[in-house]
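Below is one structure, written out as structure tokens; comments come after it.
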Amino acid sequence: MKITLNRINDEFLFECTNSQGNSILLDNTTQPGARGVSPMESVLMAVAGCSGIDVVSILKKQRQEITGFKAEVEGERIPVDDAKPFKSIKVKFFLEGNMDPKKALKAAQLSFEKYCSVSKTLEPNVEISYEVFVNGEVVEA
């Protein structure tokens, strides 16, 4: 796996491109007129995307009908010397469709405990938690 990063203006705007030519823009979002996401926001996006792919894949294999899928991810940061790494990340999945809520919860559990490489990479230093909502109702364990 390899990406390239190219500076595309005189400030802090960078384009990151993967080997297939797909790209995202990164920027210093503390500056006015930022056109990309911050690197730390991209980490939260990576957690959402990785676990989202897992959850949808697992539920599709179980022949669950997913008509809507959304995730919200919040990260709490703490100062460590001059950096501010994540202390904790909370993911909320909002699924719509004709599905067994317990299967949706289990899919999320499998993602975070077994499959999601992004969360597994962060796991030694970041507490990651999640909640699952199906058709507007929280799914209890």
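When peptides 103-111, 115-123, 21-29 are ranked by their average number of other Cβ atoms within 10 Å per residue, the highest-first order is 103-111, 115-123, 21-29.
The Cα center of region 1-73 and the Cα center of region 98-130 differ in position by 18 Å.
Per residue, the accessible area of the chain comes to 66 Å² when a 1.4 Å probe rolls over the protein heavy atoms.
Across the chain, the relative contact order, built from alpha-carbon pairs under 8 Å that are at least six residues apart, equals 18 percent.
Along its three principal directions, the equivalent ellipsoid of region 92-140 from the Cα gyration tensor extends over semi-axes of 23, 10, 8 Å, largest first.
Within the straight-line cut-off of under 25 Å between alpha carbons, the lysines reachable from LYS84 are LYS92, LYS120, sequence neighbours fewer than 8 places apart in one chain being disregarded.
Which residue, GLY36, SER19, ILE128, has the largest displacement toward the positive end of the dipole of the chain when charges sit on each Cβ (Lys, Arg +1; Asp, Glu -1)? Among GLY36, SER19, ILE128, the one farthest towards the positive end of the dipole of the chain is SER19. Put simply, when 6-15, 79-88 are sorted by average Cβ atoms within 10 angstrom per residue, most first, you get 6-15, 79-88. Taking the longest Cα principal axis of the chain as reference, the axis of helix 39-61 is set at about 30 degrees.
Principal-axis analysis of the Cα atoms of the chain puts helix 101-110 at an angle of about 40° to the longest axis. Hull volume per residue, based on the alpha-carbon atoms of the chain and their convex hull, is 148 Å³. Every Cα-Cα pair of region 9-63 was included, and the share exceeding 17 Å stands at 53 percent. Under 15 Å Cα-Cα from LYS2, which aspartates and glutamates qualify once same-chain neighbours fewer than 8 residues away are excluded? Within reach: GLU15. Of the beta bridges in the chain, as assigned by DSSP with both residues counted there, near 70 percent are antiparallel.
The values are calculated or read from the model by the stated rules, or taken from the named source; none is laboratory data. Note that the structure is predicted; figures quoted are calculated from it, not measured. Here Cβ is always computed from backbone atoms with ideal geometry, including for glycine, and neighbour counts include all displayed protein chains. Only protein heavy atoms, including side chains, enter the accessible area calculation; ligands, DNA and RNA are left aside. Shrake-Rupley method; radii C 1.70, N 1.55, O 1.52, S 1.80 Å.
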